[in-house]
Structures are given as structure tokens and as C-alpha cells.
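Reading through the C-alpha cells given below for one structure.
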Amino acid sequence: MSDIDTNTTRRQFIADTSRATAGLVAAGALTACAAPTRQTAPVPRRVLGANERMNIAVIGIRSRGMQLAKGFAGLPNVHVKTLVDPDENLFADRVAELAAIQGAAPGKETDLRRAFDDKDIDAVVIATPDHWHALATIWACQAGKDVYVEKPCCHNIWEGRKMVEAARRYDRIVAVGFQNRSIMSVRAAMRFLHKGGIGEVFMARGLCFKPRDSIGRHPDGPVPAGVNYDLWLGAAPQRPFNRNRFHYEWHWNWDFGCGDIGNQGPHQFDIARWGLNESEHPVRISSSGGYFAWDSDQQTPNTQAATLEYADGKLLYFEVRGLYTNHEDGIRIGNLFYGTEGWMHLDGGNWKTYFGRKNEPGPNSENAEEYADPSDLAGAGGGSHFANFISAVRAGDCSKLTCDIEEGFISTALPHLSNIAYRVGHDVRFDGTKERFIGDRDANRLLTRDYRKPYVVPKEV
């Protein structure tokens, strides 16, 4: 980093990056729900009346996917037509459970492409392992489906940009599962910060204090009966089957997941960036940590700290503590914001503010309605995020989303940038206009991956 070590050159670098970013924002390149980037002929959208049933497919149904299936099935005039998973062993219980909720059993598919071929399906909900999020979204857009994709929206930064391009090219509604964006009290907290409620916000912290046990070591073995392992692997490298690379434990393997900073972390990264009111990528990132206490097959760190600096000098600190730890101001999973006049504690939908040298209490979530916009008062919790997606699909208008794919991608890039700095072992500088690291070949290699055919994210979507 010697070429920008001095204060003068550092300030010049930040100023140059800031001007370039401002140019992109002015041009609309970093604006959520921008116009399509090309003149294309997208698949015609089926016009849905307010009371007409919307058919959806849920892809990935082991854990979070089933929560999403039940959430969407509970909405008026929404029908889960198909459950999709390469593990057939999951279907019996989940089909029965969903049938009890919606009064009709959903269909079953092991191959997500069959759901994309189904002309009766209007939208898909993607809750696969991380390494499938981008390609599934792009294929769905190309097939004329609207998409709700879980966080992190992508497995690497390059493919996340391709998701944005696909949404725009095919004129699709693509939402990211950052549910906090639809929680009324959180939206009121963000509005309070943006209006100068604690002065100028100059620093945000994201906390992920989530103790995890050892996954141990397990030998490779045969693929379980009923599992289409080739489909499960998708774009990832061909590797023997191992239970520590399969259900849930995939989170701790770089081929499929991103560790806890990219698992729980994206939610708190998103809130931190939102509170800082930053719409561009950071310019300087550092991250350190390690894997402590256990001897296991886990590749990702269980202890990690990252610092991300924006062109205007604002700072985002993020910390993962995967072993045993204290709370910070009572928070284990949440955010802290620091302004020139006070600070904010945000834990889920609950927030408090404190001011001055004596930490005098200020506004909080108990009187959140005083700081909310009428558009924020539609409801709270994950259910309203689902309803927000359905409403945007019915309107055919991505500007109605509380978390469009562009917003979701910019936030998802933060844990990826942090992981890249951790993996290369040094601070990195990022050119947000090109979405490339400056003079760092090793870091740039980690912006994408080698895709295993035929599961390839195309350069031209």
C-alpha cells in the first residue's frame, strides 16, 4: 500500500474515487431499479389483477427455503405451485406441511430448470446454497420469471453485477431478502439518522456474535440415495461427497459459502451501509481473523474483524465472534451508529439513542412512528418483506421494492470485499466504478470463480 501511504496521496485517491463514483450515480449506473441497459425483447409479463392468484416456485427447501415457502403461502392469492430441491428426501414432509397451509399440495421438481420452463409460474423464490444464487436468478430472468433471492444475493462480486444486468435487460422484478428494509421501526431509525438525528453519522458497526460448535472432520463418502449431487454442486468444482460440504455445513467451505460474515453478516452490513447513507462501494478494506479452538474441516474463519472506508472518509466496522463472548450494549446481532452529537443502538427492530457527554437518552423505537414516513407504516417483520415483493410483481414496478437487486448487491459486496482482504492477507483498495481492485492481481482473482460447465454465469447475460 506504499503508493498511498502519505496523507496527501491518500486524500487525492479518495477525492478521485469520489468524483468517479459521483459520475456513476449521476448517470444512473448506481441507482437502484435503473432502466434496462440494452434494447431487448424480454418475455412478456403476465398481467396480474389484485385478486388473481400468483403462482410461485420455491427453490431450495431444507431450512430457510421452507420458512419462505410458508411465508409466501400465507399471503392472499399467492400459491406455491412447485417445490424444487436436488435432495428428494426432503419432499414428503415439506409437501405435506405446505399442503396444510395452502389447502393444496405443491408439485415437486429436482431440477430448477423445470420450474423455469413452467409457463404457469410467475415468480421464483431462491433459497439455495450461496453458490447457486446468481445463476438461478439469471436463468429465471431469462425465462421471464420475477425473483426473490435470499442473502447474500451472490457468491462473488462479478456474478452479482451480472444479476443486476439480467434484471434490467429482461425487465424483471428481483428482490433480495434483506428483511430489515421492510421493518417499519428500522425504516424509521434510518430516516432519523439520515435527517441528522445524531448529527453527522461518521461510523457504523455491525456485530455478529454467534457461537458455533465444531463441525468436526468427516471422510468423503457415497452420495446419499435420492440426491442429485451434480445439480447440488452446480458451478462449484467437482469434489467427492462429504457431509461437511453438504446440508448447512456448506457455509464454512469457500466453494459454496462465505463464513458467518457472509451468512448472518449481510443483514447487519446492509443496515450499516443504509445508516451511513452510502450508495457506492468502499475504497479501502482491511480484514483479519482466524479459525480458533476447533480442529475441523471448516475453511472460513470463526473470528473476523473488517474495516471498510468510504471515499468520503466514513467508516464501517464489522466483527464476527464465533466463540464465546460478551454482548456489546446488550447486542449480539445488531448495529451501532456514531454521529457528531450522539449514538444509536439498533438490535433487531428495537433502537435507542443517546446524546452528549452524559449519554442522555433520546428518541427510540417506542416512538418510532413520529419519525416514520406513511409509506413505512404498512407493517413489520419478514412477512411484510414478502408482501412487498408480491406487491411490486403485481404492479410490474421494481421501484416499489424496499430492496431491489441493485441495493442488495451493493450490500452483499461488503462481506465479499472483507473476505477477499482476509484471504489475500493485506489491505486492498477498490475502484468501485470498475469493480476491480487497484494493482492487486491476487485480490482480483477472487472477484469471480472458475465455473463448472454447464453451470456457467455468462459474461453477456
Any chance residue 257 is outside any helix (DSSP H, G or I) and at positive phi: no
Residue in the stretch 247-255 that is crowded, with 21+ Cβ neighbours inside 10 Å and in contact (Cβ under 8 Å) with a residue 24 or more places away in the chain present: yes
Of all residues in the stretch 230-246 being surrounded by fewer than 19 Cβ atoms within 10 Å (Cβ to Cβ) and in a loop (DSSP other than H, G, I, E, B), the one that is nearest to the chain's Cα centre (by Cα): 237
Matching residues in the stretch 67-80 - criterion: being of a type outside the set (A, V, I, L, M) and either crowded, with 17+ Cβ neighbours inside 10 Å or assigned to a helix (DSSP H, G or I) (or both): 67, 70, 71, 72, 79
Hey, residue 332 surrounded by fewer than 19 Cβ atoms within 10 Å (Cβ to Cβ), modelled with pLDDT of 95 or more and within 22 Å of residue 264 (Cα to Cα) or not: yes
Close pairs (7 angstrom Cβ cut-off, 6 or more residues apart or separate chains): touching a residue at least 60 places away in the same chain (Cβ under 8 Å) and closer than 18 Å to residue 363 by Cα in the stretch 197-212, part of a loop (DSSP other than H, G, I, E, B) and not hydrophobic (A, V, I, L, M, F, W, C) anywhere: 198/341; 199/340; 199/341; 200/340
Selected residue (criterion: surrounded by the fewest Cβ atoms within 10 Å (Cβ to Cβ)) from residues of the stretch 155-177 that are out of contact with any Phe, Trp or Tyr (no Cβ under 9 Å at 6 or more places or on another chain) and in a loop (DSSP other than H, G, I, E, B): 171
Residue selected from the stretch 277-305 under the condition buried (at least 23 other Cβ atoms within 10 Å of the Cβ) and closer than 23 Å to residue 176 by Cα, by the criterion farthest from the chain's Cα centre (by Cα): 282
Positions within the stretch 86-116 being within 26 Å of the chain's Cα centre (by Cα), surrounded by fewer than 17 Cβ atoms within 10 Å (Cβ to Cβ) and in a helix (DSSP H, G or I), in sequence order: 113, 114
Flag for residue 430 being modelled with pLDDT of 95 or more, closer than 30 Å to residue 303 by Cβ, in contact with a Pro (Cβ under 7 Å, 6 or more places away or on another chain) and among the aromatic types (Phe, Trp, Tyr): yes
Residue 83 vs. criteria buried (at least 19 other Cβ atoms within 10 Å of the Cβ), more than 22 Å from residue 142 (Cα to Cα) and without any contact (Cβ under 8 Å) to a residue 40 or more places away in the chain: no
Scan of the stretch 324-334 for residues that are over 14 Å from residue 261 (Cα atoms) and not small (Gly, Ala, Ser), ordered by number: 324, 325, 326, 327, 328, 329, 331
All helices (runs of 4 or more DSSP H) inside the stretch 369-461 with 3 or more residues being in contact with a helix residue (DSSP H, G or I) (Cβ under 9 Å, 6 or more places away or on another chain), crowded, with 23+ Cβ neighbours inside 10 Å and not basic (Lys, Arg): 382-395, 405-424
Members of the stretch 358-379 found to be more than 16 Å from residue 197 (Cα to Cα) and at pLDDT 95 or above, listed by number: 358
Selection within the stretch 395-440 - closer than 30 Å to residue 53 by Cα and of a type outside the set (Asp, Glu): 395, 396, 398, 399, 400, 401, 402, 403, 405, 408, 409
Hey, residue 270 over 30 Å from residue 218 (Cα atoms) and either crowded, with 23+ Cβ neighbours inside 10 Å or in contact with a Ser or Thr (Cβ under 9 Å, 6 or more places away or on another chain) (or both) or not: yes
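The values are calculated or read from the model by the stated rules, or taken from the named source; none is laboratory data. Since this is a predicted model, take the numbers as computed values, not measurements. Counting neighbours? That spans all protein chains shown, and the Cβs are built from the backbone with ideal geometry, glycine included.
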